[in-house]
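To keep things clear, I will list the structure first and then write my remarks on it.
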Amino acid sequence: MRVIVSLLLIVLSSVPLRGSDLLVGTWVLDLSRSHFEPGTAPRSQTRVYRETEKGIIATVITVEKDGSSRTVEFPMNFDGEAQTVTGSETMDEIRMSQITPLKSEATIKHAGQVVARSERELVSPNELRVTFESLKYDGTPIRNIYVYLRK
């Protein structure tokens, strides 16, 4: 029994205390495991989480089916305060809250209006899942589930 407890303590002490630390790195969208309701999937998407002196910065690079691309960037602060989103025409603010060390949620705004909600979960050290919910201009609900694999 002591051996099991000792091994457990060793394993736990080697794991970062914050789930966001585990996110640092590059994540590539797995189109075969992702779901887009309604709509079409992008050609590709890569998320890069990098540590800076001010915390973790998220950069999301999307290539659409037509070949056009965009890069969106935002700081990852889990204090529920508004953070600026750059590079997007449809969102300019994100407010993030941590649910558990491996799960967070976000409210996304544009021009002061809530336009989307998302939930991000680190499913395993090598799999990240983001659920994104919004409405199309005609009121049709959007519910996309993005599955990313660590590169």
*asked:* Need the failing condition index for PRO141 against (1) more than 17 Å from the chain's Cα centre (by Cα); (2) surrounded by 14 or more Cβ atoms within 10 Å (Cβ to Cβ); (3) more than 24 Å from GLY80 (Cβ to Cβ); (4) not small (Gly, Ala, Ser), just the number.
replied: (2)
*Before we move on, is ILE108 crowded, with 17+ Cβ neighbours inside 10 Å, of a type in the set (Val, Ile, Thr) and under 14 Å from ASP21 (Cα atoms)?*
no
*Counting only residues that are closer than 16 Å to PRO38 by Cα and among the hydroxyl-bearing types (Ser, Thr, Tyr), which one in the range 122-138 is nearest to the chain's Cα centre (by Cα)?*
THR131
*Return yes or no: is GLU119 under 15 Å from the mean Cα position of the chain (by Cα) and in a strand (DSSP E or B)?*
yes
*Determine which single condition GLN83 fails, assuming it passes every other condition in (1) under 18 Å from PHE36 (Cβ atoms); (2) touching an Asp or Glu at 6+ places or on another chain (Cβ under 9 Å).*
(1)
*So, in the range 81-116, of the ones that are under 13 Å from the mean Cα position of the chain (by Cα) and not aliphatic (A, V, I, L, M), which residue ends up farthest from PRO141 (Cα to Cα)?*
GLN98
*asked:* With the structure loaded, tell me whether LYS151 is surrounded by fewer than 17 Cβ atoms within 10 Å (Cβ to Cβ), in contact with a helix residue (DSSP H, G or I) (Cβ under 8 Å, 6 or more places away or on another chain) and over 23 Å from GLY39 (Cα atoms) or whether it fails that test.
replied: no
*Mind checking which strands (runs of 3 or more DSSP E) fall wholly inside the range 47-97 and carry at least 1 residues that are out of contact with any Leu (no Cβ under 8 Å at 6 or more places or on another chain) and under 18 Å from GLY112 (Cα atoms)?*
69-76, 79-84
*Which one of the conditions (1) free of Cβ contacts under 8 Å to residues at least 60 places away in the same chain; (2) surrounded by fewer than 16 Cβ atoms within 10 Å (Cβ to Cβ); (3) in contact with a Lys or Arg (Cβ under 9 Å, 6 or more places away or on another chain) does PRO125 fail to meet, given that it meets all the rest?*
(1)
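Every number here is computed from the coordinates shown, using simple stated rules; none is lab data. These figures come from a predicted structure and were not determined experimentally. Cβ sites come from the backbone with ideal geometry, for glycine too, and all protein chains shown count toward neighbours.
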